1. Mind listing just one residue for me: the one in region 117-138 that is part of a loop (DSSP other than H, G, I, E, B), among the aliphatic types (A, V, I, L, M) and in contact (Cβ under 8 Å) with a residue 24 or more places away in the chain and, of those, surrounded by the fewest Cβ atoms within 10 Å (Cβ to Cβ)?
2. Kindly evaluate Asn59 against the criterion of being more than 16 Å from Ala130 (Cβ to Cβ) and either part of a helix (DSSP H, G or I) or out of contact with any helix residue (DSSP H, G or I) (no Cβ under 7 Å at 6 or more places or on another chain) (or both).
3. Step by step: first the residues of region 81-105, then only those that are in a helix (DSSP H, G or I) and in contact (Cβ under 8 Å) with a residue 40 or more places away in the chain, then the one that is surrounded by the fewest Cβ atoms within 10 Å (Cβ to Cβ). Which residue is that?
4. Under 9 Å between Cβ atoms, at least 6 apart or on separate chains: pull out the pairs that start in region 45-63 with a residue that is without any contact (Cβ under 8 Å) to a residue 60 or more places away in the chain and end on any residue that is surrounded by fewer than 13 Cβ atoms within 10 Å (Cβ to Cβ) and not aromatic (Phe, Trp, Tyr).
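Bear in mind that the values in this text are calculations on the coordinates, not laboratory data. Remember, predicted model here, so these are calculated numbers, not experimental data. So basically every Cβ, Gly included, is an ideal-geometry build from the backbone, and we count neighbours across all protein chains shown.
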Amino acid sequence: MKPLLPSLLLCLLAAPICGRAAAPIPNGPPPIPPYQMRAALPAGDRLAAGKDGAALFSNRCGACHLAGGMGTNLLTKQRMAAGEPPENGLLANRKDLTQTAVKVIVRHGKLAMPRLTRVEVTDAELDAIAKYLGKAGP
């Protein structure tokens with residue numbers, strides 16, 4: 001029981017400090033974006049067409065492709081290197097994506113993005129996501 005005492009004492013002494021929010025660092029790094037809640041998966045048959053593409057994108061792709069996600073961070077870096085604004089790192093803001101390109105990238109992967117199987121994203125779900133993101137046409 002003796003080894004437990006120092007750690008218990010440390011916890012009791014640090015409790016008032018740990019409960020406080022960290023003060024921003026002047027001229028330091030920007031704050032971390034808040035965690036993005038993903039949309040609920042649309043109800044019903046996953047193989048049926050006509051689902052909400054935005055909700056499916058948020059649910060199926062949002063872990064990486066909403067604000068603060070690894071995919072968004074990597075795409076933002078690529079887009080900025082190409083002279084585009086950082087907003088183009090968010091797939092939902094892109095105007096140059098075609099539905100076909102979205103489907104090919106999802107099914108085959110690209111660089112750090114792994115391919116997604118038909119179990120992970122069904123063809124009907126992918127069609128809805130591609131329609132949502134593919135603002136440049138089919």
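1. Of region 117-138, the ones part of a loop (DSSP other than H, G, I, E, B) are 117-122, 134-138.
Add one more test, that the residue is among the aliphatic types (A, V, I, L, M), and what stays is 119, 121, 136.
Retained after the next criterion (residues that are in contact (Cβ under 8 Å) with a residue 24 or more places away in the chain): 121, 136.
Numbers: Val121: 21, Ala136: 14.
Once the filter is applied, the top-ranked residue is Ala136.
2. Details: more than 16 Å from Ala130 (Cβ to Cβ): no; either part of a helix (DSSP H, G or I) or out of contact with any helix residue (DSSP H, G or I) (no Cβ under 7 Å at 6 or more places or on another chain) (or both): yes.
The answer is no for Asn59.
3. Looking only at region 81-105, we keep the residues that are in a helix (DSSP H, G or I), and these are 81, 86-89, 91-93, 99-105.
Adding the requirement that they be in contact (Cβ under 8 Å) with a residue 40 or more places away in the chain leaves 91-92.
On the way: Leu91: 21, Ala92: 18.
If we take residues in region 81-105 being in a helix (DSSP H, G or I) and in contact (Cβ under 8 Å) with a residue 40 or more places away in the chain, then Ala92 is surrounded by the fewest Cβ atoms within 10 Å (Cβ to Cβ).
4. Partner pairs satisfying both residue conditions: Ala55/Ala40; Ser58/Met37; Ser58/Ala40; Asn59/Ala40; Gly62/Met37; Ala63/Met70.
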